[in-house]
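Chemist: First the structure, which I've put down as structure tokens, then a few questions once you've had a look.
The values are calculated or read from the model by the stated rules, or taken from the named source; none is laboratory data. For clarity, every value in this text was computed on a predicted model and none was experimentally measured. As a convention, Cβ positions derive from the backbone with ideal geometry for all residues, glycine included, and neighbour counts pool all protein chains shown.
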Amino acid sequence: MPRKSRVLGIVLAGGEGKRLWPLTADRAKPAVPFGGSYRLIDFVLSNLANAGYLRICVLTQYKSHSLDRHITTSWRMSQLLGNFVTPVPAQQRLGPRWYTGSADAIYQSLNLVYDDNPEYIVVFGADHVYRMDPEQMVNQHIASGADVTVAGIRVPRMEATAFGVIETAADGQKINQFLEKPADPPSVPDDPDVAYASMGNYVFSTKALIEALKIDAADEASIHDMGANIIPMFVNRGSAYVYDFSGNEVPGSTDRDRGYWRDVGTLDAYHEAHMDLVSVHPIFNLYNDQWPILTLPPPLPPAKFIENGAARESMVGPGTIISGANIERSVISDNVRILGGTRVEGSVIMPGARIGRGALLRNVILDKNVVVPDGAQIGVDHDYDRAHYTVTAGGITVVGKNITLGD
């Protein structure tokens, strides 16, 4: 196996995240807060860092300031040992244009590859919630002799229509087809009711990736996307293999959260992923200290509960004060204030929010620094909410950043 210094991590973090608006109105999707303490990008960076892959470039583009700031302040590696996590904005090195797709983002950033000269390149997405040991995928890639290995997660076959789907040969490893959101997804060889959905995580042999990116860049008909263009190129050559995520063993995982992966690309999925955190035996367990999700916590005192304030099946961040309020099945971030007589149910409250007395919040997402006045009701009357805020198909009311309700 190669030394881990010979593996370069590239994290694709340039997407706009339109389906997460208004949470992405002022920030890139990977910078969206999650789980009371984290940003979405912390999950992929933690997986790479816990596996010992400590040379990571994060390719950014849209509204990247808060993402850049988070990376540079939270993810500081030992430079003495040659380790780094560095945000790389669109540099227009090949002309006055932005990235036109995920493949073009890497093509325009090949100087990073030439400078680092890795044997293998791990290309992961930046906006999924999961634990994974990527070293196991790298080891399989090397042993197979593939040009690319694609991480696949087993999902019910008819739910796979929303994903890129991998069809494999009878051996279950070599990829025969890579289909984008097929109406009739092919099943895995050992289960007719299950399909492989692509997780958007890839391992490449460096020479093969560089060659493919150059061919793709010269193709005027290409949309320059990793899933739509680069992976099918290797499939056609017979050099693409799948990595079955269900076989990934993460230290400290439980039977309940083993193999968990959530694409939080929509507001409803984002809310559901938070609800996965708060039960007594959570579907996704943030409290696994053998494979921690890493971030730099704010310098705040512990959460405080006064005047009979209470939180049940909830998570509450540091610096937050619950004063006579009742919290149920919710994730409350740091530096939040919730006053007496208020009820918060099934909600996600981001840092800096201020919620007055006697309010009722039900199935709500409040972005940072939202101010809720005394007696306000959110998530109760959806017709009213639709006229003033965002209401999802699943009935979640979302209030954007820095809004004072009633103004």
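Chemist: Within segment 15-25, identify whether any single residue is assigned by TED's automatic domain parsing to the domain that holds N111 and within 19 Å of P292 (Cα to Cα), and answer yes or no.
Modeler: no
Chemist: In addition: Wholly within segment 318-407, which strands (runs of 3 or more DSSP E) include no fewer than the required count, namely at least 1 residues that are more than 15 Å from L23 (Cα to Cα), under 28 Å from the mean Cα position of the chain (by Cα) and of a type in the set (K, R)?
Modeler: Because the criterion is at least 1 residues that are more than 15 Å from L23 (Cα to Cα), under 28 Å from the mean Cα position of the chain (by Cα) and of a type in the set (K, R), the strands (runs of 3 or more DSSP E) in segment 318-407 that meet it are 360-362.
Chemist: Looking only at segment 343-354, decide whether some residue is touching a helix residue (DSSP H, G or I) at 6+ places or on another chain (Cβ under 8 Å) and assigned by TED's automatic domain parsing to the domain that holds T390.
Modeler: Yes, segment 343-354 has at least one match.
Chemist: May I pose another question? For segment 217-227, state whether one or more residues are modelled with pLDDT of 90 or more and part of a helix (DSSP H, G or I).
Modeler: Yes, segment 217-227 contains a residue that is modelled with pLDDT of 90 or more and part of a helix (DSSP H, G or I).
Chemist: Only one of (1) exposed (fewer than 15 other Cβ atoms within 10 Å of the Cβ); (2) touching a strand residue (DSSP E or B) at 6+ places or on another chain (Cβ under 7 Å); (3) over 21 Å from P33 (Cβ atoms) is not met by T404, so which one is it?
Modeler: (3)
Chemist: What are the residues in segment 188-199 that are of a type outside the set (A, V, I, L, M) and either crowded, with 18+ Cβ neighbours inside 10 Å or at positive phi (or both), if any?
Modeler: Y196, S198
Chemist: What is the residue count in segment 365-381 for residues that are of a type in the set (D, E, K, R) and without any contact (Cβ under 8 Å) to a residue 60 or more places away in the chain?
Modeler: 2
Chemist: Here's something else I'd like to know. Given (1) within 15 Å of V242 (Cα to Cα); (2) buried (at least 19 other Cβ atoms within 10 Å of the Cβ); (3) not charged (D, E, K, R), identify the lone condition not met by A160.
Modeler: The failed condition is (1).
Chemist: Say we look at segment 134-162 and pick out the residues that are in contact with a Pro (Cβ under 8 Å, 6 or more places away or on another chain) and not basic (K, R); which of these is farthest from G17 (Cα to Cα)?
Modeler: I142
Chemist: Let me ask something additional. Please determine whether any residue of segment 189-211 is over 27 Å from the mean Cα position of the chain (by Cα), of a type in the set (A, V, I, L, M) and not in a helix (DSSP H, G or I).
Modeler: no
Chemist: Moving on. So, in segment 212-262, of the ones that are of a type in the set (V, I, T), crowded, with 20+ Cβ neighbours inside 10 Å and over 22 Å from S187 (Cα atoms), which residue ends up farthest from the chain's Cα centre (by Cα)?
Modeler: I230
Chemist: Consider F84 against the criteria (1) out of contact with any Gly (no Cβ under 8 Å at 6 or more places or on another chain); (2) within 25 Å of I153 (Cβ to Cβ); (3) of a type in the set (A, V, I, L, M, F, W, C); (4) without any contact (Cβ under 8 Å) to a residue 60 or more places away in the chain: it satisfies all of them except one. Which criterion is unmet?
Modeler: It is condition (2) that F84 fails.
Chemist: Moving on to the next point. Of all residues in segment 38-86 being of a type in the set (K, R) and outside any loop (DSSP other than H, G, I, E, B), which is surrounded by the fewest Cβ atoms within 10 Å (Cβ to Cβ)?
Modeler: Taking the candidates together, the pick is R69.
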